[in-house]
Amino acid sequence: MSERLIRNLQRRLRAESMKSPLPRKIGRPIEVALLYPNGYHLAMSSLGYQSVFQQINEDPDFLCERAFLPDRRDFEEHRRTGTPLLTLERQRPVQSFDLVAFSISYEMDEVNMLTLLDLAGIPLDRRERDSRYPLVVAGGAVVFLNPEPISDFIDLFLVGEAEELLPEFLDVLRAFPPRQTERETLFDHLEKVPGIYIPSRYRVTYDDTGRIEKRTPIGGAPPKVVRRLVTDIDRRVNATMVFTEETEFSDMHLIEIARGCPWGCRFCTAGFIYLPPRYRDEEKILAEADRAIAAGRKIGLVGPAISDYPTLDELSRKILERGGKLSYSSLRIDSLYPERIGYLKESGQRTVTVAVEAASPRLRDVINKGLSDEAILESVTRILDSGTLNLKIYIMIGLPTEQDDEVAGIVDLTLRIRERLLEAGKKFGRIGRITLSINNFVPKPFTPFQWCPLAPLDTLKRRKEIILAGLRRVPNLRLNFESPKESYFQALLSNGDRRLGTLLRLVHRFEGNFTQALKAWEHDPCFYVHRQRDPDEILPWDFIEHGIEKRYLFREYLKALKERTTIPCMIPLCHRCGVC
């Protein structure tokens with residue numbers, strides 16, 4: 001064991017503070033190692049990860065500790081000294097725990113997941129593990145969408161929101177402890193819990209073209225895995241419980257106020273897999289906000305569609321009146337009224353982020369954003385008139401039906417925004433800055449664009465050059481481009497099937513080098529990345545039942561091609577997608 005690694009973990013643990021102490025355990029609890037397949041900084045920025053950590057520890061029969069991907073220096077120390085992956089709380093080997101649970105938020109972290117298993121001394125292939133090893137499970141956003149690429153490595157997946165699914169899962173483990181129960185016997189009991197997906201209980205066959213031919217349940221496994229959804233999100237408050245300086249939100253107390261987005265932007269998973277929209281009770285939010293204010297922390301209101309919270313303005317005013325400062329995780333640009341801009345300014349926020357998303361008004365109709373250039377410019381003017389002179393703008397390229405001349409519209413719109421920035425700068429006597437982040441569209445499961453290919457890499461590179469040619473030398477403007485190659489790998493993992501398991505093994509063998517791994521892989525990656533899928537094709541993720549009708553998603557795809565928009569979801573009047 002490396003003393004240096006142990007001291008580093010102890011130092012990090014001492015630097016943390018908790019909203020409330022973890023409950024003490026009596027007897028011998030079932031021990032859970034909760035792994036985040038990325039660094040500590042990102043893990044502790046994840047409200048979902050913190051919430052699961054808290055929820056497991058609230059059960060008197062379970063003890064949960066955390067572990068993370070070591071940074072490069074610590075990773076080398078692990079290898080040099082032969083020290084296995086250790087937990088943060090007691091610096092114990094992860095392999096000694098009864099259960100290893102991964103929280104996976106991003107597809108690219110799937111490679112890190114294998115790194116952590118290897119570092120822990122746990123066989124990668126689930127078929128090589130029995131009750132001598134921890135039960136390995138996974139949940140999180142990636143599991144909601146498509147767990148198939150990592151199904152060779154995970155014993156079972158928890159498909160759904162933790163508040164609803166986790167208690168039933170823990171109840172089964174309480175009755176049948178993983179280290180004391182033969183695996184198949186344990187699976188027999190777990191497969192009866194809706195939302196639990198056991199990949200070994202399904203057989204997948206492929207036709208001569210490489211498409212999925214059939215998916216057959218084995219034994220008592222259900223044909224469909226139902227995504228579990230919490231209907232009453234006031235059952236528990238989802239807020240920061242562990243505070244640390246080593247996170248993006250070091251000075252902030254995050255509070256989730258809403259879940260699910262009603263707008264149905266056709267590229268965005270949040271607008272579909274978390275339906276229907278749900279809003280937390282204002283009084284419960286204010287009670288949590290009071291704790292943050294008493295501790296001197298800024299309040300971060302979190303949700304995919306904050307602007308649709310029914311009493312957002314009243315809630316914001318009450319927080320400010322109580323002496324708090326606040327920030328919003330996201331606001332639609334057309335909901336940035338002077339009052340809301342004022343709340344941010346009063347809270348000391350110097351930069352406002354706006355999501356333009358697409359290069360032209362036509363493309364914004366294609367993706368169901370429905371914003372004109374004029375509406376964007378009006379909102380930007382309101383922001384600048386408040387004295388907030390720093391803007392972050394997010395936009396995508398490579399969207400379905402996009403043309404080169406529309407990408408040139410990004411240049412024009414950015415220059416028009418900059419003109420307004422310069423005018424405001426003269427008024428306030430200081431210079432502002434624009435940060436333009438350009439991301440590549442990646443098709444995702446359970447969206448109307450799930451049938452679409454990724455744009456060819458040379459197309460993405462050409463469109464990047466169009467933007468650079470028009471904006472490279474513009475003062476007070478910073479350009480951030482997402483790597484086309486990384487988008488390619490992300491598309492591969494997002495849209496892959498079980499056969500990607502062999503690729504992930506190769507990537508792990510080549511220490512994260514996708515390019516080298518693809519050269520050695522037996523399959524054609526373009527089949528997953530650059531192929532337009534047929535409407536009646538069995539997709540790798542079709543076995544997950546989100547409640548959204550596949551035919552509805554395809555109708556939305558056809559509407560996108562016709563440049564027609566769809567009105568937002570209006571609970572309880574709306575029944576068009578099948579969720580309600």
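Within the option set Glu256, Glu321, Glu283, Glu288, being under 30 Å from Arg14 (Cα atoms), out of contact with any helix residue (DSSP H, G or I) (no Cβ under 8 Å at 6 or more places or on another chain), at pLDDT 95 or above and of a type in the set (D, E, K, R) holds for one residue only, Glu288. Restricted to region 200-245, and to residues there that are in contact with a Gly (Cβ under 9 Å, 6 or more places away or on another chain) and of a type outside the set (Ser, Thr, Tyr), the residue that is farthest from Asp125 (Cα to Cα) is Asn238.
Residues in region 538-567 that are at negative phi, surrounded by 13 or more Cβ atoms within 10 Å (Cβ to Cβ) and among the charged types (D, E, K, R): Asp542, Glu545, Glu549, Lys550, Arg555, Glu556, Lys559. In region 475-580, counting only helices (runs of 4 or more DSSP H) that sit wholly within it, the ones holding 1 or more residues that are assigned by TED's automatic domain parsing to the domain that holds Lys461 and over 22 Å from Ala141 (Cβ atoms) span 484-495, 550-561. The number of residues in region 517-537 that are surrounded by 15 or more Cβ atoms within 10 Å (Cβ to Cβ) and in contact with a Lys or Arg (Cβ under 8 Å, 6 or more places away or on another chain) comes to 2.
Contact map, region 543-566: first residue within 23 Å of Pro147 (Cα to Cα), second residue outside any helix (DSSP H, G or I) and aromatic (Phe, Trp, Tyr), Cβ cut-off under 6 Å, separation 6 or more or different chains; pairs are His546/Phe446; Ile548/Phe272.
Can you spot a residue in region 509-530 that is among the polar types (S, T, N, Q) and under 20 Å from Thr447 (Cα atoms)? No, that holds for no residue. Among the numbered conditions (1) assigned by TED's automatic domain parsing to the domain that holds Met18; (2) surrounded by 12 or more Cβ atoms within 10 Å (Cβ to Cβ); (3) more than 30 Å from Cys574 (Cβ to Cβ), the only one that Pro222 does not meet is (3). You will find that of Lys214, Lys224, the residue that is over 21 Å from the mean Cα position of the chain (by Cα) and within 19 Å of Gly578 (Cα to Cα) is Lys224 and no other. Residue under question is Ala294, and the condition is that it be without any contact (Cβ under 8 Å) to a residue 40 or more places away in the chain and within 29 Å of Pro21 (Cβ to Cβ); does it hold? For Ala294, the condition - without any contact (Cβ under 8 Å) to a residue 40 or more places away in the chain and within 29 Å of Pro21 (Cβ to Cβ) - is met. Name the single residue, out of those in region 158-190 being assigned to a helix (DSSP H, G or I) and touching an Asp or Glu at 6+ places or on another chain (Cβ under 7 Å), that is nearest to Leu145 (Cα to Cα). Out of the qualifying residues, it is Leu170. Based on what the data block shows, is Ala305 assigned by TED's automatic domain parsing to the domain that holds Cys268, within 19 Å of Met241 (Cβ to Cβ) and either free of Cβ contacts under 8 Å to residues at least 24 places away in the same chain or not hydroxyl-bearing (Ser, Thr, Tyr) (or both)? The answer is no for Ala305. Residues in region 459-501 that are within 17 Å of Gly512 (Cβ to Cβ) and among the aromatic types (Phe, Trp, Tyr): Tyr488, Phe489. The condition of being within 26 Å of the chain's Cα centre (by Cα) and either polar (S, T, N, Q) or not assigned by TED's automatic domain parsing to the domain that holds Lys444 (or both) holds for only one of Ser360, Ser335, that being Ser335. Tell me, yes or no, whether region 263-279 has at least one residue that is surrounded by fewer than 22 Cβ atoms within 10 Å (Cβ to Cβ), free of Cβ contacts under 8 Å to residues at least 40 places away in the same chain and farther than 30 Å from Val159 by Cβ. Scanning region 263-279, I find no residue that is surrounded by fewer than 22 Cβ atoms within 10 Å (Cβ to Cβ), free of Cβ contacts under 8 Å to residues at least 40 places away in the same chain and farther than 30 Å from Val159 by Cβ, so the answer is no.
Kindly indicate which of Ile319, Ile299, Ile285, Ile341 is assigned to a strand (DSSP E or B), crowded, with 20+ Cβ neighbours inside 10 Å and at negative phi. Residue meeting the stated conditions: Ile299.
Is it true that some residue in region 507-522 is acidic (Asp, Glu) and under 21 Å from Ile150 (Cβ atoms)? Yes, region 507-522 contains at least one residue that is acidic (Asp, Glu) and under 21 Å from Ile150 (Cβ atoms). Restricting region 349-374 to residues that are in a loop (DSSP other than H, G, I, E, B), touching a residue at least 40 places away in the same chain (Cβ under 8 Å) and not charged (D, E, K, R) leaves a set whose member that is farthest from Gly409 (Cα to Cα) is Asn368. The residues listed here are Thr459, Thr435; of these, the one that is β-branched (Val, Ile, Thr), surrounded by fewer than 21 Cβ atoms within 10 Å (Cβ to Cβ) and not in a helix (DSSP H, G or I) is Thr435. The set of residues from region 19-56 being under 25 Å from Ala294 (Cα atoms) and either of a type in the set (S, T, N, Q) or free of Cβ contacts under 8 Å to residues at least 12 places away in the same chain (or both) comprises Ser20, Pro21, Ser45, Ser46, Gln50, Ser51, Gln54, Gln55. Can you find even one residue in region 413-424 that is out of contact with any His (no Cβ under 6 Å at 6 or more places or on another chain), at pLDDT 95 or above and within 29 Å of Leu558 (Cα to Cα)? The answer is yes, given that some residue of region 413-424 is out of contact with any His (no Cβ under 6 Å at 6 or more places or on another chain), at pLDDT 95 or above and within 29 Å of Leu558 (Cα to Cα). Among residues of region 199-217 that are within 17 Å of Asn146 (Cα to Cα), those with a beta-carbon under 7 Å from a residue that is part of a loop (DSSP other than H, G, I, E, B) and basic (Lys, Arg) at least six positions away or on a different chain give the pairs Val204/Arg498.
The values are calculated or read from the model by the stated rules, or taken from the named source; none is laboratory data. What you see is a predicted model, and the numbers here were worked out from it, not measured in a lab. Quick reminder, even Gly has a Cβ in these numbers, built from the backbone with ideal geometry, and neighbours come from all protein chains shown.
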